[in-house]
Structures are given as structure tokens and as C-alpha cells.
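Presented below is the structure to which this report refers.
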Amino acid sequence: MSKSDPRLRDAERDSKVSRRTLIATGVSGGFALLAPPIAAQSLTGALSMQITISPNGNVATLINVFVVEPGRQQALLDLLIEGTETFFSKQPGFLAASFHKSKDGLRVVNYGQWRSARDIEVFRSHPDFRAYVARIVALAKSDAMLCDVDYVRSA
């Protein structure tokens, strides 16, 4: 997407987008955030929003650390992306997800943002979630934690 793309200009110009509008726009594209808009593209190529990490307490942060056997990191990452594109991004309260691969090939960290802790409880009780988790367990061990962002410093 170029600077001349009208969607990018609109996102940059309109910094007073309501939270509801921002979430609706971002979720339709795959990702959303709750801070000043920064245009990005999801894997599907749709206009979307990037994750913003802020200690404002307006989102529920879910962090998962996955540990895999050597050579299985990419298979896990592919499964996590598939789950995000086909399941999580369609759940009520989903805002954003990012995946981070360790350089040693043994871990993947998922940083997810949800509107509330209740939204996380709801997706975890969805029948499709159990089958998805079974596929993940076949590839990795994981530790999930619900977090509050306590401190952020930027350059």
C-alpha cells in the first residue's frame, strides 16, 4: 500500500475514530488496535491495524509461550496463523494477534489483544476451540497467561 492510497490517507487524517468504528474496521480486515491508526496489511492483504502496547488497561492481553521440538517451529506457526485467520479473528472481542519466532527455532510467542477477559473465556468455551487446541498440543507445549501491560517505553 502506497502513501497515495486513499485508505491510508483517511486513516492518517482521522485520528478521532471512535473505538467502535476502529474495532469494526480492523476486525473486518483481520486485526485492530485501540490507539492512533497506523495502516498495515494482514496476511489476506486487507487494510488492517497494528497492535499497540499501552499500559492504559483498555484491553485484555493474552500471552502464550509455545515450546516445540527442533524443526517443528514453522509447522506450529502455520497452525497458529491458520487458527487466527479462520477462528480467533472471527470471535467477539478479538482485537489483534502477533506471533514471534525465537531465533533458536524452539519457541513461538503469541501476543494477543482482546476487548475483555470475558471475551477470552467465551472463545475458550467454543466447541471448535477444543479441536484446535488438540492440534496445537500435538506440536508444542504451551503456557498461557492473562496479563496487564504495566510499563512501556518507546524511543
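The values are calculated or read from the model by the stated rules, or taken from the named source; none is laboratory data. Just so we're clear, the structure is a prediction, and the values are computed from it rather than from any experiment. We place every Cβ from the backbone using ideal geometry, glycine too, and count neighbours over all the protein chains shown.
For this structure, a couple of remarks:
- Among residues that are among the aliphatic types (A, V, I, L, M) and more than 16 Å from the chain's Cα centre (by Cα), ALA96 is not included.
- When segment 134-145 is filtered for residues that are within 17 Å of LEU62 (Cα to Cα) and surrounded by 13 or more Cβ atoms within 10 Å (Cβ to Cβ), the ones remaining, listed by number, are ILE136, SER142, ALA144.
- Complete set of residues in segment 130-155 that are of a type in the set (D, E, K, R), without any contact (Cβ under 8 Å) to a residue 60 or more places away in the chain and not in a helix (DSSP H, G or I): ARG153
- Among residues of segment 91-104 that are closer than 13 Å to THR61 by Cα, those with a beta-carbon under 9 Å from a residue that is assigned to a loop (DSSP other than H, G, I, E, B) and polar (S, T, N, Q) at least six positions away or on a different chain give the pairs GLY93/SER116; ALA96/GLN50; ALA96/THR52; SER98/GLN50.
- The residues of segment 70-120 that are part of a strand (DSSP E or B) and touching a helix residue (DSSP H, G or I) at 6+ places or on another chain (Cβ under 8 Å), listed by number, are PHE94, LEU95, ALA96, ALA97, PHE99, LYS101, ARG107, VAL108, ASN110, GLY112, TRP114.
- Yes/no for LEU43 being at pLDDT below 95, assigned to a loop (DSSP other than H, G, I, E, B) and closer than 24 Å to ASP119 by Cα: yes
- Hits in segment 90-134 (condition: in contact with a strand residue (DSSP E or B) (Cβ under 9 Å, 6 or more places away or on another chain) and of a type in the set (Phe, Trp, Tyr)): PHE94, PHE99, TYR111, TRP114, PHE123
- Here SER54, SER116 are screened, and the one residue that is surrounded by fewer than 16 Cβ atoms within 10 Å (Cβ to Cβ), of a type outside the set (Lys, Arg) and at pLDDT 95 or above is SER116.
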